[in-house]
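Report on the structure given below.
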Amino acid sequence: AVVSTQSTGMILSYHPPIFHSFKRLTQEDAKSRIIINCVVSGISIYSPHTAWDSRENGLNDWIVECLSYKQKLPINPALIDGAPSDSIGMGRIVILKSPLSLTKACEIFKTHLGISTLRLGHADPLQWVKRHKETGQDYDVIRSVAVCAGSGGSLLKGVDADLYVTGEMSHHEVLAVVAEGRNVLLSEHTHTERGYLKSVVEQLAKHVAEDVEFLVSETDCNPIETI
């Protein structure tokens with residue numbers, strides 16, 4: 001539907017339409033219909049997904065670009081020539097230049113992600129005090145932020161940061177984070193990803209011939225509504 005009214009030769013899709021293997025393609029299956037229609041129309045599909053997550057100036061870098069920080073590192077760095085990279089890898093953790101209140105951090109991320117609401121898992125006050133026993137850092141004062149686009153439960157587990165930001169976590173993952181004396185913001189999976197597309201277009205335009213036109217979908221949207 002996204003390309004039915006456009007003269008499109010290629011779709012650059014963060015999430016691959018073939019996420020699980022197919023044994024057959026049929027018109028009865030929605031995912032199959034996407035592939036069939038693209039094949040019939042001569043449209044290629046490229047889905048970078050994890051490569052975009054981990055690359056420098058990639059998706060996780062985009063999530064934290066709304067913050068003023070003095071240090072930024074991958075949570076799970078890639079190995080480059082046998083050494084851990086300080087700019088490529090999964091997730092990002094940043095140390096802020098100046099501390100933020102939790103309320104202010106929430107407002108910053110809502111504006112950056114283009115959404116009006118976030119879900120908050122609020123740190124257990126007693127565990128917060130234990131975590132900051134040596135520094136005496138006040139409750140709800142944020143000095144470090146760890147982010148993971150999409151679903152960050154496994155990658156963020158145990159990461160030493162005052163605030164986690166990701167799209168989604170399971171109920172029990174949120175309970176564990178809160179019990180550790182950390183805060184977590186959940187934006188819904190898609191909101192940690194969709195806003196990056198405009199940045200992708202800007203980056204591609206610098207490296208691709210001027211006669212190639214890039215269009216960001218205006219019909220693709222979050223499949224979950226708040227009612």
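Listing for the model above:
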| quantity | calculated |
| --- | --- |
| Any chance I108 is touching a strand residue (DSSP E or B) at 6+ places or on another chain (Cβ under 7 Å) and within 17 Å of L185 (Cβ to Cβ) | no |
| Candidates V178, V159, V174, V129, filtered to the one that is touching a residue at least 40 places away in the same chain (Cβ under 8 Å) and touching an Asp or Glu at 6+ places or on another chain (Cβ under 7 Å) | V178 |
| Residue within segment 6-27 that is charged (D, E, K, R) and touching a residue at least 12 places away in the same chain (Cβ under 8 Å) present | no |
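Every read-out reported here was derived from the displayed coordinates using simple, explicitly stated rules and does not represent laboratory data. Predicted, not measured: the structure shown is a model, and the values here were computed from it. Reconstructed Cβ throughout: ideal geometry from the backbone, glycine too, with neighbour counts over all protein chains shown.
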